[in-house]
1. From the list A:Ala91, A:Ala102, A:Ala47, which residue is within 17 Å of A:Ser131 (Cα to Cα) and open to solvent by 50 Å² or more (accessible area, probe 1.4 Å)?
2. Of the residues A:Met65, A:Met34, only one is buried (at least 16 other Cβ atoms within 10 Å of the Cβ), at the interface with chain B (Cβ under 9 Å from one of its Cβ atoms) and in contact with a Phe, Trp or Tyr (Cβ under 6 Å, 6 or more places away or on another chain); which?
3. Pick from segment B:63-82 the residues that are closer than 14 Å to B:Thr19 by Cα and open to solvent by 20 Å² or more (accessible area, probe 1.4 Å): which of them is nearest to the chain's Cα centre (by Cα)?
4. A:Ala6: within 11 Å of chain B (Cβ to nearest Cβ) and either closer than 18 Å to B:Tyr130 by Cα or in contact (Cβ under 8 Å) with a residue 60 or more places away in the chain (or both), yes or no?
5. Give me a count of the residues in segment B:55-77 that are touching a strand residue (DSSP E or B) at 6+ places or on another chain (Cβ under 7 Å) and closer than 13 Å to A:Gly31 by Cα.
6. Out of everything in segment A:105-137 that is touching a helix residue (DSSP H, G or I) at 6+ places or on another chain (Cβ under 9 Å) and closer than 19 Å to A:Ala49 by Cα, what residue ends up being most open to solvent (accessible area, probe 1.4 Å)?
7. Given A:Glu59, A:Glu29, A:Glu106, which one is more than 11 Å from chain B (Cβ to nearest Cβ) and either among the charged types (D, E, K, R) or under 26 Å from B:Val71 (Cα atoms) (or both)?
8. Which of (1) on the phi > 0 side of the Ramachandran plot; (2) within 15 Å of the chain's Cα centre (by Cα); (3) without any contact (Cβ under 8 Å) to a residue 12 or more places away in the chain is the odd one out, the single condition A:Gly81 does not satisfy?
Amino acid sequence: MIQSIAHVTVYVLNQDEALDFYQNKLGFEVGTDMTVDGGFRWLTVFAKAQPDLELVLAEPKEGPMFTKDAADKIRALVADGAFGAGVFETANCQKTYEELVAKGVEFIQPPTEQFYGVEALGVDNSGNWFSLTQRAK
Amino acid sequence: MTVNHTQYKKVCLGRDYLTQHYALAFDLADVATYSCMSKYHFCRVFSEVFGESPYQYISKIRIERAKELLVTSQRSINDICELVGYTSIGSFSVLFRKKTGLSPTQYRTKLQALANDPLTHPIQSIPMCYAHRLFGAKLEKSNIE
């Protein structure tokens, strides 16, 4: 039986810039930031209240996983906003939205009432969109 | 217990303080005051939000930092013990073994033996699926059976 999710990959255009965004703007913490044999940087972040689910901030690069053409295509799709980083939950969507806007986070939809709660839609500095959601009680 | 936005922000302040000063001796009452909460309330909200006590949290950070230093530095175990905030090498070693299953020396020896380059993390430090897919690490037969 699968019990939980430990890592989810988020493709980013630049790991340094993505780290700045997720750490200094969204308030995530660094799980691991290490360079392993071969120069690959293993960079993960997590929400403070959920340390057992880490986002792997990975740059699509030419290598065993991608051809150069495929890596370029993935990067273009990321930049175009084709991918989402998921749903980030908050206890107060409006307040968190205002805090993030003050930090310069771009939103494509302000907090809006939905049947499942209040939701705003933001974009990270690579182009991945994310939902900022306050669940309905 | 329901934690509201204000309580969450306050307890995050204290947690950030602990994160930044993990290597220093601390009085939880002072950290709670820094968070504008009583010590009791701070501990309760902290555990509710983060699923662990402030003491468990600081231990986790110290051990993770020690693991990093054991692999990427040549500092002695005693030095690392002090650098991450422990004054007793005995307590540090017991806690380290409890968290990792290995003594600090065993951990260092094991990880350094796996790395191709000195003072770097071996490829085995990251999940094999990523190692394989991102830079072509070969899967051991035992991993795919």
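1. Going through A:Ala91, A:Ala102, A:Ala47 in turn, the sole match is A:Ala91.
2. A:Met34
3. Per the criteria, the residue is B:Glu64.
4. Values: within 11 Å of chain B (Cβ to nearest Cβ): yes; either closer than 18 Å to B:Tyr130 by Cα or in contact (Cβ under 8 Å) with a residue 60 or more places away in the chain (or both): yes.
It is true that A:Ala6 is within 11 Å of chain B (Cβ to nearest Cβ) and either closer than 18 Å to B:Tyr130 by Cα or in contact (Cβ under 8 Å) with a residue 60 or more places away in the chain (or both).
5. Initially, segment B:55-77 is screened for residues touching a strand residue (DSSP E or B) at 6+ places or on another chain (Cβ under 7 Å), giving B:71.
Subsequent filtering for residues that are closer than 13 Å to A:Gly31 by Cα retains none.
Residues meeting the conditions: 0.
6. Per the stated criteria, the residue is A:Gln134.
7. Going through A:Glu59, A:Glu29, A:Glu106 in turn, just one is more than 11 Å from chain B (Cβ to nearest Cβ) and either among the charged types (D, E, K, R) or under 26 Å from B:Val71 (Cα atoms) (or both): A:Glu106.
8. Looking at each condition in turn, A:Gly81 falls short on (3).
The values are calculated or read from the model by the stated rules, or taken from the named source; none is laboratory data. Quantities reported herein were computed from a predicted structural model and do not represent experimental measurements. With ideal geometry, Cβ positions are generated from the backbone for all residues, glycine too; neighbour counts draw on all protein chains shown. We work out accessible area using only protein heavy atoms, side chains counted, and drop any ligands, DNA or RNA first. Shrake-Rupley method; radii C 1.70, N 1.55, O 1.52, S 1.80 Å.
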